[in-house]
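First comes the structure, then the notes that go with it.
The values are calculated or read from the model by the stated rules, or taken from the named source; none is laboratory data. Nothing here was measured: the structure is a model prediction, and the numbers come from that model. Cβ: placed from backbone, ideal geometry, glycine included. Neighbour counts: every protein chain shown.
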Amino acid sequence: MTAQLLLSFLLGAILIYAFAERRRSPVVGALALAAAAAGLYFVWVPAHATALAELAGVGRGVDLIIYIWVVISLLVLLNLHLKLRKQIEALTGVARAIAIGEALRSSDQGPVTSDQ
């Protein structure tokens with residue numbers, strides 16, 4: 001019972017976050033809402049998770065939930081990796097453009113000497 005209450009509290013917090021996030025990112029918000037709602041349902045009716053697992057060919061409901069969690073985590077990790085890679089490429093492009101601009105500006109002014 002304590003685990004159910006703790007999980008319900010955490011999933012409720014995710015529901016609140018997903019509801020707030022839906023304006024900024026509708027897909028992420030909708031998926032988080034669906035996952036948290038399904039999580040709440042399976043926390044309070046674990047027999048249905050077991051029945052669903054048996055339909056999927058997995059022994060226990062908790063095993064099915066863990067497998068799904070691993071897949072979701074890997075997809076999130078891949079998505080974050082791709083976004084980070086894109087940001088690094090963009091930052092490299094900006095740094096390159098600034099360096100070229102500085103080089104062109106300093107060559108237009110002529111060589112800098114210590115006499116001036």
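You will find that of Val27, Val58, the residue that is out of contact with any Cys (no Cβ under 6 Å at 6 or more places or on another chain) and either surrounded by 12 or more Cβ atoms within 10 Å (Cβ to Cβ) or not assigned by TED's automatic domain parsing to the domain that holds Thr2 (or both) is Val58 and no other. There is no residue in the range 29-49 that is free of Cβ contacts under 8 Å to residues at least 24 places away in the same chain, among the small types (Gly, Ala, Ser) and part of a loop (DSSP other than H, G, I, E, B).
If the condition is being surrounded by 14 or more Cβ atoms within 10 Å (Cβ to Cβ) and assigned to a helix (DSSP H, G or I), then the range 11-24 contributes Leu11, Ile14, Leu15, Tyr17, Ala18, Glu21.
For every residue, the table says whether it meets (1) surrounded by fewer than 14 Cβ atoms within 10 Å (Cβ to Cβ); (2) acidic (Asp, Glu).
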position	(1), (2)
Ala32	no, no
Ala49	no, no
Glu54	yes, yes
Trp69	yes, no
Ser73	yes, no
Leu78	yes, no
Lys83	yes, no
Glu102	yes, yes
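Does the range 54-61 include one or more residues that are free of Cβ contacts under 8 Å to residues at least 12 places away in the same chain, in contact with a Leu (Cβ under 7 Å, 6 or more places away or on another chain) and in a helix (DSSP H, G or I)? Checked against the condition, which is being free of Cβ contacts under 8 Å to residues at least 12 places away in the same chain, in contact with a Leu (Cβ under 7 Å, 6 or more places away or on another chain) and in a helix (DSSP H, G or I), the range 54-61 yields at least one hit.
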